[in-house]
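The values are calculated or read from the model by the stated rules, or taken from the named source; none is laboratory data. Predicted, not measured: the structure shown is a model, and the values here were computed from it. Please note: Cβ atoms are built from the backbone with ideal geometry, for glycine as well, and neighbour counts cover all protein chains shown. Please note that ligands, DNA and RNA were not included when accessible areas were found on the heavy atoms of the full protein model with its side chains. Shrake-Rupley method; radii C 1.70, N 1.55, O 1.52, S 1.80 Å.
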Amino acid sequence: VQLQASGGGLVQAGESLRLSCTTSGLIFRPNEMGWYRQVPGKQRELVGRITSGGSTDYDYSVKGRFTISRDNAKNTVYLEMNALKPEDTAVYYCNARNIMRNQDWWGQGTLVTVSS
């Protein structure tokens, strides 16, 4: 199983980025997909997630600015990030979770840097 995240980069505050995470080796549709982020010295935290049925929820810090979506035909989950802030700077990881089977997979992370 592989989760390949991409789309990170350096942007200025207020700008936007879209992250993508494409999976291979698993059946994408039944999995809940999530985006997490981590800064050095801190625990990885949930940014948001999308269920197999398309329901989403977000951390309060990104609600209204970030949007998660999925394309089951492309085995891909997206994180649209708008109005970025310097505190959004982190390595962003995608996660696939099969709740029924209690299985969990992680991507390699993509760095997002937001300058002020």
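Each of the peptides 105-113, 24-32 was scored by the mean count of other Cβ atoms within 10 Å over its residues; in descending order, highest first, they stand as 105-113, 24-32.
Per-atom-type breakdown for the chain gives carbon and sulfur 47% of the accessible area (1.4 Å probe, protein chains only). Between Ser115 and Tyr60, the C-beta separation translates, for a Förster distance of 25 Å, into a calculated FRET efficiency of about 0.60.
Candidates Thr110, Ser69, Pro86 compared by Cα position along the dipole of segment 51-116: farthest toward the positive end lies Ser69, with charges placed on Cβ.
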